[in-house]
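The values are calculated or read from the model by the stated rules, or taken from the named source; none is laboratory data. Since the model is a prediction, treat every value here as computed from it, not as a measurement. When we count neighbours, we look across all protein chains shown, and the Cβ atoms used for this are built from the backbone with ideal geometry, even at glycine. Ligands, DNA and RNA are excluded from the accessible area calculation, which covers all protein heavy atoms including side chains. Shrake-Rupley method; radii C 1.70, N 1.55, O 1.52, S 1.80 Å.
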Amino acid sequence: QVQLVESGGGLVQAGGSLRLSCSASGIIFSINSMGWYRQAPGKQRDLVAAISSGGTTNYADSVKGRFTVSRDNAKNTVYLQMNSLKPEDTAVYYCNANLRTARFMPDYIYWGQGTQVTVSS
């Protein structure tokens with residue numbers, strides 16, 4: 001059983017910062033990419049940022065220059081540093097991990113339970 005547990009969400013004023021963390025635990029053989037998605041009320045879940053096992057990053061245009069994704073492979077943890085937050089960043093943030101639980105098992109995407117980020121104007 002694999003679990004992804006997020007932390008670090010909360011309420012912040014516009015212009016402020018938050019740091020999200022997501023740790024994967026359980027039977028894990030290897031983790032490929034890890035990433036963050038967000039979903040605002042009435043909208044679809046969209047990619048915010050992702051990072052490969054080698055450290056290659058990918059960002060949504062709306063967060064480039066403000067958000068930074070990083071990971072600690074030894075801890076199976078991915079982070080999202082969010083600076084210069086805007087009210088439109090308000091959403092539930094979900095982490096995911098593309099991983100396999102054994103050498104000959106296929107890759108599978110696991111999701112965290114989500115953490116609320118609210119940015120007040």
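Observations on the structure shown:
- Rolling a 1.4 angstrom probe over the protein heavy atoms with all chains in place gives the range 20-121 an accessible area of 52 Å² per residue.
- Applied to the range 94-103, the Karplus parametrisation 6.51 cos²θ - 1.76 cosθ + 1.60 on θ = phi - 60° returns per-residue 3J(HN,Hα) values of 10, 9, 9, 9, 9, 9, 10, 9, 7, 4 Hz, with x for Gly and Pro.
- Spin-label proximity, Ala102 to the range 48-71 - amide N less than 15 Å from point 7 Å beyond Cα toward beta carbon: none
- Protection proxy ranking of 24-34, 72-82, by the mean of other Cβ atoms within 10 Å over each peptide's residues and highest first, is 72-82, 24-34.
- At full extension, Thr56 and Gln13 could sit 12.4 nm farther apart than now, given 0.36 nm per residue minus the alpha carbon distance.
- With every protein chain in place, the chain: carbon and sulfur % of accessible area (1.4 Å): 48
- Sequence-distant contacts, meaning Cα pairs under 8 Å at least 6 residues apart, place the relative contact order of the chain at 36 percent.
- In this label model, Ile109 and Ser30 are separated by 2.0 nm, measuring between points 7 Å along each Cα→Cβ vector.
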